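Where a number appears in this text, it was derived from the coordinates with a stated rule and is not lab data. Being a predicted model, the structure only gives us computed values, none of them experimental. Virtual Cβ from ideal backbone geometry, glycine too; neighbours counted across all protein chains shown.
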């Protein structure tokens, strides 16, 4: 009887001291403002962004992947993979055999462009029991091995990007996903200040106007988080995909006109030269060296054969990369007043990182880092196992409270205290049982 009682009590105490579920986490909202150059808030009055520096984390800047375009860069952020690994090598879906080219916004719904084996965080999180959503974020509208994001809204062609009222409505929508439907992870995308940068250039007064609008939107976000009771359980990361630079025009410079150096009709089978300072060319059969030699004569242009690209570009291993790659010197372009697509090490291509919430330190200034490292940080915040990736948590973990989520740490402390109490009680109980057993076997008369 005494043995049965002892074993029953031991089982009860062991259940009381069971470990916490691994998935204990706060919710996470990631917001991207397309084309927000790292220094855009330095010549504008931005009180709400300034307050973020006090209340959270700011990186000096972050470096995007080598193709400084919207889709490749966003997909590096959400997968933690270099472009050569995730395969989204351009804003446009293309086929160099059929000469097909699909515009950027139409490409957002084409799963065959996005689904190349690298799982985005939405799917990885869902596979571990979390609920995720995407609001206009590039890649969110695709299927991955038959799986789709729990809820995905995709930006339509002609969608207005600068309506401040709609911006606030979008915030209200994603916060309601957290409060009313218990979503765990949501991404939110805004198309500005990229559009203004292209149309007017980064030095135009309209760029300053849109940055002030973004700042007001961040202020509204923080008010809405407090209004909806999410202050203590929602982490927020604010970032971007690339910067922006002023395009140099005549008569100040000689613009790059590739047709002056290259006979496209005779030598080129396929070209993708529609975006910024980055382009790809497929020469006609047997003409590769001739195309390469001709382009090498063009000024303000760096030309690579695919196999000779620098290793730190992380591009050459992907089959979608064409045989000849051209990258213009900063600011040399024909497409617009402002542009991107230039070398990721140019300061004008650097972008922003801000973060706040219960798991982030306050008044913390981070050294610069590559955007690929955002992925393991997000996995840490959500307490999920990351898919294979090229990032490292060691780059960003110092910005977290106690190098880990504060809620997790608090619960671990509570668990340890509880277990210590249970262990102490167990030892006392065992000693009492032991004395009773001894007394029954060897009674004292």
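Data overview
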{"read-out": "Extension gain, residue 100 back to residue 39 (0.36 nm per residue minus Cα-Cα distance, nm)", "value": "18.2 nm"}
{"read-out": "The range 127-181 pair-distance distribution - Cα-Cα, 10 Å bins, rounded %", "value": "20, 48, 26, 5"}
{"read-out": "Whole-percent pair-distance distribution, where bins are 5 Å wide, for the alpha carbons of the range 258-335", "value": "3, 16, 28, 28, 18, 7, 1"}
{"read-out": "Efficiency of FRET from Cβ geometry, residue 168 and residue 397, R₀ 30 Å, rounded to 0.05", "value": "0.35"}
{"read-out": "The range 214-289: C-alpha pair distances exceeding 16 Å, %", "value": "71"}
{"read-out": "Antiparallel DSSP beta bridges within the range 32-186, as percent of all bridges there, nearest 5", "value": "50"}
{"read-out": "In range of the label at residue 363: residues from the range 46-66 whose backbone nitrogen is under 17 Å from the point 7 Å along Cα→Cβ", "value": "50-59"}
{"read-out": "Label point distance in nm, residue 273-residue 297, each placed 7 Å from Cα along Cα→Cβ", "value": "1.4"}
{"read-out": "Gap separating the Cα centres of the range 105-126 and the range 292-365, nearest whole Å", "value": "22"}
{"read-out": "Equivalent ellipsoid dimensions for the range 193-319 as semi-axes, Å, which come from the Cα gyration tensor, largest first", "value": "43, 21, 11"}
{"read-out": "D_trans [Stokes-Einstein, Kirkwood Rh over alpha-carbon pairs] for the range 193-232, 4 °C, 1.567 mPa s, µm² s⁻¹", "value": "114"}
{"read-out": "Equivalent ellipsoid semi-axes, the range 134-246, via Cα gyration tensor eigenvalues times 5, rooted, Å", "value": "26, 20, 12"}
{"read-out": "Cα→Cβ-extended label distance, 7 Å offset, between residue 305 and residue 261, nm", "value": "1.7"}
{"read-out": "Part-to-part distance (alpha-carbon centres) for the range 57-98 and the range 135-176, which is given in Å", "value": "19"}
{"read-out": "Simple spin-label estimate for residue 54 and residue 223 in nanometres, 7 Å along Cα-Cβ", "value": "1.8"}
